[in-house]
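The values are calculated or read from the model by the stated rules, or taken from the named source; none is laboratory data. Just so you know, these numbers come straight off a predicted model, no measurement behind them. Glycine gets a Cβ as well: all are built from the backbone with ideal geometry, and neighbour counts include every protein chain shown.
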């Protein structure tokens, strides 16, 4: 197995808060899913925001694919897919518009894969996403995350708002991704998702 992500003693503290992320450590390899477990305020979202570059760590090391990277290094981000608890694109866009936008963002963007996944989820191409349900929006977010040369998925409440059948579709897709050599870090308040996917757990 190849190591996709290695955290060693990552710390973060905010001056305006008593909160501390202290000595967070974990490793994710190919064909592996790691579940983050912890109550609200335990640091799960803070850790994920550090990983995706939305927050600076105070100290500790983070290595993606065997190397530490500067936050402004974009090349390694071609291989990371991120899904937060909502779709973060303008509501006026259609799915076809989204494809055009992300062609200009990712060098490895794969339009064929994008539309194959849209078909898998049976989502309408021409409708503006402002009319979509929360579950539909999350399916688009996951589709975007999987439509470039992704090796590691980072999921923060990625199945939020989905019904049972929608979650089953997503779980099947994620299991296939891991079976093909991918790795996943997942945080979810839906314990069944973590129980189904995770090979190991990290308690925050």
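For the stretch 70-85, enumerate the residues that are free of Cβ contacts under 8 Å to residues at least 60 places away in the same chain and farther than 16 Å from residue 149 by Cβ.
70, 71, 72
Any residue at all in the stretch 150-166 that is in a helix (DSSP H, G or I), touching a helix residue (DSSP H, G or I) at 6+ places or on another chain (Cβ under 9 Å) and farther than 21 Å from residue 109 by Cβ?
yes
For residues that are touching a residue at least 40 places away in the same chain (Cβ under 8 Å), in contact with a helix residue (DSSP H, G or I) (Cβ under 7 Å, 6 or more places away or on another chain) and farther than 20 Å from residue 107 by Cα, tally how many sit in the stretch 117-149.
The number of residues fulfilling the criteria is 3.
Just to check your reading of the model, which residue among 89, 10 is in contact with a strand residue (DSSP E or B) (Cβ under 6 Å, 6 or more places away or on another chain), touching a residue at least 24 places away in the same chain (Cβ under 8 Å), surrounded by 14 or more Cβ atoms within 10 Å (Cβ to Cβ) and not in a helix (DSSP H, G or I)?
Being in contact with a strand residue (DSSP E or B) (Cβ under 6 Å, 6 or more places away or on another chain), touching a residue at least 24 places away in the same chain (Cβ under 8 Å), surrounded by 14 or more Cβ atoms within 10 Å (Cβ to Cβ) and not in a helix (DSSP H, G or I) holds for just one of 89, 10, which is 10.
Right, residue 168: touching a strand residue (DSSP E or B) at 6+ places or on another chain (Cβ under 9 Å) and exposed (fewer than 14 other Cβ atoms within 10 Å of the Cβ) or not?
no
So, in the stretch 17-37, how many residues would count as being more than 24 Å from residue 195 (Cα to Cα) and in a loop (DSSP other than H, G, I, E, B)?
Selection size over the stretch 17-37: 3.
Name every residue in the stretch 31-44 that is on the phi < 0 side of the Ramachandran plot and in contact with a strand residue (DSSP E or B) (Cβ under 6 Å, 6 or more places away or on another chain), in order of residue number.
32, 33, 34, 35, 36, 37, 44
Mind listing whichever residues of the stretch 191-203 are touching a residue at least 60 places away in the same chain (Cβ under 8 Å) and either assigned to a strand (DSSP E or B) or surrounded by 17 or more Cβ atoms within 10 Å (Cβ to Cβ) (or both)?
Across the stretch 191-203, the qualifying residues are 194, 197, 198, 200, 201, 202, 203.
Could you please tell me which pairs satisfy a Cβ distance under 9 Å, a separation of 6+ or placement on different chains, a first residue in the stretch 163-190 that is on the phi > 0 side of the Ramachandran plot and modelled with pLDDT of 95 or more, and a second residue that is surrounded by 13 or more Cβ atoms within 10 Å (Cβ to Cβ) and outside any helix (DSSP H, G or I)?
Every condition considered, the pairs that remain are 181/30; 181/31; 181/151.
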